[in-house]
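I am attaching a structure below and will ask some questions about it afterwards.
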Amino acid sequence: MAGLRVVPISRIDPESLLPLFEEEEAAWLAELRWDYAPIRQILVSLARRRLLPGYAALDGAHRAVAYSYFLVTRSKGVIGALYPSRALPPSEPLDRLLALTVDGLKESPAIGRVEAQIMPFHRRDPAEGFIRRDFRHYPRQFLERPLAPGDETRAPAPAIIVPWDPARLEGAAETTLAAYREQTDAEICADYGTRAGCEAYVRSLVGNPGCGIFMPDASFMALDTAGSPCGYIVCSRISARRAMIPQIAIHPAHQGEGLGNALMARTLGRLHAVGFQSVSLTVTERNTRAFDWYRRLGFLPRMGFGAYVWQR
């Protein structure tokens, strides 16, 4: 970033970040049909209170032209964004901004792990920079599927399917832990590796806007004969007529029974019935079973991106 000054966000005028945040919001909407406004509002609030950890690259006119932010939870750091403005020349690398963000986390003895999932807006792929800093790289895909009248037809269910029930959230966490044991996604997201992490993750999906605004009416649970969750699907709204499925999980003891198809049919049917036009989800390319299933359901790639993990 020759000619640019990279400084901690806490040391600059928060208002200088607003045009960059607004540009990033526009990129999410244009490239992924995702209304990023709820997240932008949180970032603006944190920046104005000098509570947003991260860095900004400033040009000669003191305008922010790139930024990063991260969060720290116990011994884990999560890089939430690494966004360059369209105003940067295509040849301008993000290396210095990435270096400061990563090195600051890795140099803290309390941090044992760093995770990141970065959308390569404006065709700026940070994979090489992460790999040079000893991160493992997991290619992922953002998939999208149009909704159609036939989606209202329900697939037969081998178990009882009920609307999302907050009282059964702990059971959903148990299902998540079992479903992701020894799976690639558990390498990407440490939360999948513990019971407490899975519960915190599911609570975040339904309580925070990071993966869209939770839609309880389009989210469902499958119950076994004892009345405990053996599968579930979470749906969220990412814009006025676009939805996302940030999580679907089936307990290994019930995989292969058609539960996934039944849960997906309920959600797709509900979304079409209330006027949504499309639904999206993300998948890790190494998870070929899930990737192939989503393709059979009509989900098509919209953008490839990377997940990155560093472990001390």
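Would you check if ILE213 is of a type in the set (Val, Ile, Thr) and either without any contact (Cβ under 8 Å) to a residue 24 or more places away in the chain or open to solvent by 30 Å² or more (accessible area, probe 1.4 Å) (or both)?
yes
Moving on. Of all residues in segment 69-84, which are part of a strand (DSSP E or B) and either under 17 Å from LEU20 (Cα atoms) or open to solvent by 10 Å² or more (accessible area, probe 1.4 Å) (or both)?
Those that are part of a strand (DSSP E or B) and either under 17 Å from LEU20 (Cα atoms) or open to solvent by 10 Å² or more (accessible area, probe 1.4 Å) (or both): TYR69, PHE70, LEU71, VAL72, THR73, LYS76, VAL78, GLY80, ALA81, LEU82, TYR83, PRO84.
Something else now. Counting only residues that are closer than 22 Å to LEU32 by Cβ and open to solvent by 10 Å² or more (accessible area, probe 1.4 Å), which one in segment 89-101 is modelled with the highest pLDDT?
Result: LEU94.
One line per residue, one yes/no per condition, for (1) open to solvent by less than 40 Å² (accessible area, probe 1.4 Å); (2) at pLDDT below 95; (3) more than 27 Å from SER278 (Cβ to Cβ):
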| site | (1), (2), (3) |
| --- | --- |
| PRO163 | no, no, no |
| LEU169 | yes, no, yes |
| CYS198 | yes, no, yes |
| VAL202 | yes, no, no |
| GLY207 | no, no, no |
| GLY231 | yes, no, no |
| VAL234 | yes, no, no |
| SER239 | yes, no, no |
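Give the residues of segment 108-118 that are under 23 Å from GLU92 (Cα atoms) and open to solvent by 30 Å² or more (accessible area, probe 1.4 Å), sorted by residue number.
GLN117
Checking ALA87 against (1) in a loop (DSSP other than H, G, I, E, B); (2) touching a residue at least 60 places away in the same chain (Cβ under 8 Å); (3) closer than 25 Å to LEU29 by Cα, only one condition comes out false. Which one?
ALA87 satisfies every listed condition except (2).
What pairs come out if I take residues in segment 104-129 that are touching a residue at least 40 places away in the same chain (Cβ under 8 Å) and pair them with residues that are surrounded by fewer than 16 Cβ atoms within 10 Å (Cβ to Cβ) and not in a strand (DSSP E or B) whose C-beta lies under 7 Å away, six or more apart or interchain?
ILE111/SER75; GLY112/SER75; GLY112/ARG312; ARG113/SER75; ARG113/ARG312; PHE121/GLU31; HIS122/ARG86
Go through (1) within 24 Å of the chain's Cα centre (by Cα); (2) more than 30 Å from PHE214 (Cα to Cα); (3) not charged (D, E, K, R) one by one and return the number of the condition VAL6 breaks.
(1)
Further, regarding this structure: From GLY104, GLY150, which residue is part of a helix (DSSP H, G or I), exposed (fewer than 13 other Cβ atoms within 10 Å of the Cβ) and modelled with pLDDT under 95?
GLY150
To continue, here is another question. Residue under question is GLY212, and the condition is that it be farther than 22 Å from ARG33 by Cβ and touching a strand residue (DSSP E or B) at 6+ places or on another chain (Cβ under 8 Å); does it hold?
No.
Moving on. Output the residues belonging to segment 166-192 that are within 24 Å of GLY306 (Cβ to Cβ) and either without any contact (Cβ under 8 Å) to a residue 12 or more places away in the chain or among the aliphatic types (A, V, I, L, M) (or both).
Result: ALA179, GLU182, ALA186, ILE188, ALA190, ASP191.
Now for a different question. Can you tell me which residue within segment 264-304, out of those that are touching a residue at least 12 places away in the same chain (Cβ under 8 Å) and of a type in the set (Gly, Ala, Ser), is nearest to MET221 (Cα to Cα)?
If we take residues in segment 264-304 being touching a residue at least 12 places away in the same chain (Cβ under 8 Å) and of a type in the set (Gly, Ala, Ser), then ALA265 is nearest to MET221 (Cα to Cα).
Conditions tested, residue by residue: (1) in contact with a Gly (Cβ under 7 Å, 6 or more places away or on another chain); (2) open to solvent by less than 60 Å² (accessible area, probe 1.4 Å); (3) at pLDDT below 95; (4) in a strand (DSSP E or B).
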site: MET1; (1), (2), (3), (4): no, yes, yes, no
site: PRO19; (1), (2), (3), (4): no, no, no, no
site: GLU25; (1), (2), (3), (4): no, yes, no, no
site: LEU29; (1), (2), (3), (4): no, no, no, no
site: TRP34; (1), (2), (3), (4): no, yes, no, no
site: GLN41; (1), (2), (3), (4): no, no, no, no
site: ALA47; (1), (2), (3), (4): no, yes, no, no
site: TYR55; (1), (2), (3), (4): no, yes, no, yes
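I'm trying to understand the selection: among the residues of segment 90-101, which are outside any helix (DSSP H, G or I) and hydroxyl-bearing (Ser, Thr, Tyr)?
SER91
The values are calculated or read from the model by the stated rules, or taken from the named source; none is laboratory data. Just so you know, these numbers come straight off a predicted model, no measurement behind them. Cβ atoms come from the backbone with ideal geometry, glycine included; neighbour counts cover every protein chain shown. Ligands, DNA and RNA are stripped out before the accessible areas are found, and what is left, the full protein with its side chains, is counted by its heavy atoms. Shrake-Rupley method; radii C 1.70, N 1.55, O 1.52, S 1.80 Å.
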